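Asker: Here you go, one structure.
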Amino acid sequence: MSLITVKNLAVTYGANTVLSNVSLTLNPGEIVTIVGPNGSGKTSLFRAIIGATDITKGEISLKPGLKIGYVPQRLHIDQTLPITVARFMRLTNRVPLARCKTALEAAGVPDLLKRQMTQLSGGQFQRVLLARALINQPDVLLLDEATQGLDQPGSAAFYQEIETVCRKTGCAVLMISHELHVVMSASDRVICLNGHVCCEGTPAVVASAPEYRALFGSGTGGALALYRHDHDHDHDHCHEAAE
Ligand SMILES: Nc1ncnc2c1ncn2[C@@H]1O[C@H](COP(=O)(O)OP(=O)(O)OP(=O)(O)O)[C@@H](O)[C@H]1O
């Protein structure tokens, strides 16, 4: 049974339809990446999945008892607020310290428990957010651009960590990323979202699709092309390729 099934989902804010006819599934153990330009509805899709946004049409079914760990884009902590990693990790979830430690180890930062949150590097901070999401041994990790602010080697290391953790624990991952060139090798499937699912398939299929080359041709030019990706239809060739 799929962990998450989204069928013909529509999300509308006032008169603004940001998602329409979106269908996708996430199966146990899968790592699926969602790419799409700014404002294409990626975060709205996540919010709909966790029940934080009303849906206008369609349905979202979660496997009964599904545990979701959520890693946000970025979390701001006031520089003047003293809070240790241990305290931060247990703010909303009073788990024993030993479980925090295990989660930090799994996230690749075993020695941070007593450190101040405000003194962490960007990469360490994001790993603490990952550890916090792992505490309850989730069946699914939702990562919303979890490597924002990290440089490319930092993001690559972060995604490798995710892949290692998930391959080991069997936890599935649904992640939003602008860095397809980085997450490519770790993803089982890639879904390109632009208000609707305009293209999807295995990384190899997507990589050989003209859309992918247009988006991520090479280097920064390719990455920047993502933001100009404002096409709407005419993706039949990609769908065919994905089948
Ligand atoms: N609560 C809200 N009320 C009204 N409009 C919203 C709300 N949240 C998002 N939107 C609008 O919905 C559209 C999709 O936003 P969303 O954050 O889902 O896109 P995104 O693909 O995650 O973008 P980004 O890559 O910039 O993070 C945008 O036009 C945004 O302005």
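Asker: So which helices of the chain fit the span-like rule, where a helix is a whole DSSP H run, its Cα atoms reach 15 Å or more along the axis, and its mean Kyte-Doolittle is at least 0.0?
Answerer: Helices passing the filter in the chain: 122-134.
Asker: Near ARG99, within a Cβ-to-Cβ distance under 12 Å, what is the net charge of the other residues, with Lys and Arg +1 and Asp and Glu -1?
Answerer: Local net charge: +3.
Asker: Let me ask something else about it. I want to verify a result. In a Gaussian network model of the chain, Cα cutoff 10 Å, which of these has the top mean-square fluctuation: GLY170, GLY51, GLY154?
Answerer: The residue with the greatest mean-square fluctuation here is GLY51.
Asker: Near PRO153, within a Cβ-to-Cβ distance under 13 Å, what is the net charge of the other residues, with Lys and Arg +1 and Asp and Glu -1?
Answerer: -3
Asker: While we're looking at this one, here's another question. Among PRO110, VAL182, SER23, pick out the residue whose Cα is farthest towards the positive end of the charge dipole of the chain, where Lys and Arg carry +1 and Asp and Glu carry -1 on C-beta, about the Cα centre.
Answerer: Selected residue: PRO110.
Asker: Also, I was wondering about something else. Which net charge results when you count Lys and Arg as +1 and Asp and Glu as -1 among the other residues whose beta-carbon is under 14 Å from that of ASN136?
Answerer: Local net charge: +4.
Asker: Let me ask you something else. About the Cα centre of segment 78-136, what is the dipole size in debye to 20, counting +1 per Lys and Arg Cβ and -1 per Asp and Glu Cβ, all else neutral?
Answerer: The dipole of segment 78-136 has a size of about 200 debye.
Asker: Suppose every Lys and Arg Cβ carries +1 and every Asp and Glu Cβ carries -1, with no other charges. What dipole size does the chain come out with about its Cα centre, to the nearest 20 debye?
Answerer: Computed about the Cα centre, the dipole is about 1300 debye.
Asker: Can you put TYR159, TYR13, TYR70 in order, fewest other beta carbons within 10 Å first?
Answerer: Result, fewest neighbours first: TYR13, TYR70, TYR159.
Asker: So what is Rg over Rh here for the chain, counting just Cα atoms and using Kirkwood for Rh?
Answerer: Checking Rg against Rh, the ratio lands at 0.97.
Asker: Distance from a point 7 Å along Cα→Cβ of GLN73 to each backbone N in segment 23-45: keep the residues under 16 Å and list them by number.
Answerer: 34-45
Asker: How long are the semi-axes of the ellipsoid equivalent to segment 78-136, from square roots of 5 times the Cα gyration tensor eigenvalues, in whole Å, largest first?
Answerer: Over the Cα atoms of segment 78-136, the semi-axes work out to 17, 13, 9 Å.
Asker: Let me ask something else. Assuming R0 = 30 Å, can you tell me the calculated FRET efficiency for the pair THR17 and ALA204, based on Cβ-Cβ distance, to the nearest 0.05?
Answerer: 0.40
Asker: I've got another one for you. Once the piece of chain linking LYS57 and ARG94 is laid out straight, how much longer is it, given 0.36 nm per residue of separation minus the C-alpha distance between them?
Answerer: 9.6 nm
None of the figures in this text is laboratory data; all of them are computed from the coordinates on show. Owing to the predicted nature of the structure, the values given are computational and were not obtained by experimental measurement. Ideal geometry is used to build each Cβ from the backbone, glycine not excepted, and the neighbour counts take in all protein chains shown.
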